[in-house]
Structure formats: C-alpha cells, structure tokens
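Notes follow once the structure below has been shown.
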Amino acid sequence: MNYAQHVLTHLRKDLRLEWRTKDSINGMLFFALLVVVVLAMAFDPASYPTMTRQISGGLLCVAVLFAAMTALNQSWARETHNNVLDAHRLSAAPASALFVGKALANFLFVMAVEIVLAPIFTVFYNLHPLGQTWKLLFILPLGTWALVVNGTFFAALSLRSRNRETLLPLVLLPISMPALLAMIQASTAVLTGEFEPTLWIKVLVAYVIVFTTACVLLFQTILSAD
C-alpha cells in the first residue's frame, strides 16, 4: 500500500464508525444550533442589520470552533479501545497517515455541520451578504482545516492526560487564535462588503501550510511517546 491508500484506509474507518454511531455529528450539530438560536434570541437581528453583519462572522466561527471540540475530543478516544492505538504503533504504516486520515475525517464532520448550519444561520440572522459570497467557499474550508488540523494534533497529545477534555481547549484556543482571527475578519469582509478579505485569506493559507506541515512531521513523536 502506498501513502494515499493508508490515509484512505484510516479515513474510511473513521467515516464508517461515525456512520454507525453518529456521536460526533449529533453532538456538534446540537451544540452549534443551540449557540445560533440562543444568540439570535438575545437580540433582534432584523432591527440592527448593520451590526448583525459585523458580528455574524465572529458568531459563526465561534459556534463552529466550540462545536468542533466535541468531535476532536472523541476522535482519539475510539483508538484507545481494545488497544487499537498500540496496534498502530506496531504497524508498518506511516504514523502520519493515521494523523492525516483522522484530520480529514474530523474536517468532513465539521464541514457537514457547517453545511447544515449555514442556511439556518442565514435565516435566523436575516443575512444578506454585501461582498462576494463565493469567497466563503474558500474562507470556511481553510479556517475549518486550520482549526481541525491543530485540534486533531493536540487531542492526540493530550490523550494520556487525565483531564484531556479540559486540556484540549486550553492548548488549542491560544495557538489557533491567528487562524480564528483571520477566519472572522475574512467572513466579516464578505458579509459587510466594507473591505477586501484577500489579506486574511492569505494569512489563512500561510497558517494552514505551516501548521499542517509541522503536525504531520511531529506526529510520529506523539504516537511513539510513552
């Protein structure tokens, strides 16, 4: 098997497990919808259309970030059952293939929630983007991957910790702040049409390249650590 086949094997395994249990999708979707509904009830978006456009990008990104924590915390917990993680250590397959497959699975889970959440978010907040809406097709996947690739890495890093559910947000949020800021600013630029999101998209691309490379290269050390 080549590297791509190893990645696809891990990806298919995670997708099959999620299809059977739907633990991550249900948890993320419930949390994200709860955030959207509660924040929409806190003020009347129709009465303040300008303010709604200015804050909606941040609200959407924050909802996605905290909802993704559910999937990230559960993604590696499955590998601890029946000593599956020990079997991965003994396998001849590249350790990074396991990480890439797991990150791609988490990315697909979060993107599925975003696809469901986007029209609901648009209706609840009465959004009419003034910028080029098609740019969101680049901004949201890039921002989501930036959060997911770091989240998958640090979830594996905190796997042996007794308080891994608490440790993951404490480590992930500070290091993901540049990506989160760029995602919010780029989304706000599209929604308000007040400035171009090009600079922030470039920041997201640079962040994704740097941290994806670092996580892939360092995952072997994480997997082999006692």
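If you stretched the chain out fully between residue 170 and residue 199, how much longer would it get, using 0.36 nm times the residue separation minus the C-alpha to C-alpha distance?
7.7 nm
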| task | Order these peptides, 173-179, 57-63, by their mean beta-carbon neighbour count within 10 angstrom, highest first. | result | 57-63, 173-179
| message | Just want to confirm a number: the relative contact order over the chain, from Cα pairs under 8 angstrom separated by 6+ residues, in percent. | response | 28
| note | Site residue 50, offset 7 angstrom along Cα→Cβ, radius 15 Å on amide nitrogen, limited to segment 193-211, gives 193-195
| field | Most to least accessible of 145, 134, 76 (protein chains only, probe 1.4 Å) | value | 134, 145, 76
| the chain - Kirkwood radius from inverse mean 1/r over Cα pairs (Å) | 18.3
| request: Work out, in µm²/s and without decimals, the Stokes-Einstein translational diffusion coefficient of segment 123-226 at 37 °C, 0.692 mPa s, Rh from Kirkwood over C-alpha pairs. | output: 219
| Kyte-Doolittle mean at least 0.0, axial Cα span of 20 Å or more - DSSP H helices of the chain | 23-42, 49-75, 95-124, 136-157, 177-192, 198-224
| task | May I have the count of lysine pairs in the chain with C-alpha atoms under 22 Å apart, counting pairs 8 or more residues apart or located on different chains? | result | 4
| said: If I model a spin label as a point 7 Å beyond the Cα along the Cα-Cβ vector, how far apart are those points for residue 80 and residue 209 in nm? | reply: 3.7
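The values are calculated or read from the model by the stated rules, or taken from the named source; none is laboratory data. All values derive from a computational prediction rather than experimental measurement. Here Cβ is always computed from backbone atoms with ideal geometry, including for glycine, and neighbour counts include all displayed protein chains. Note: areas computed on protein heavy atoms with side chains; ligands, DNA, RNA excluded. Shrake-Rupley method; radii C 1.70, N 1.55, O 1.52, S 1.80 Å.
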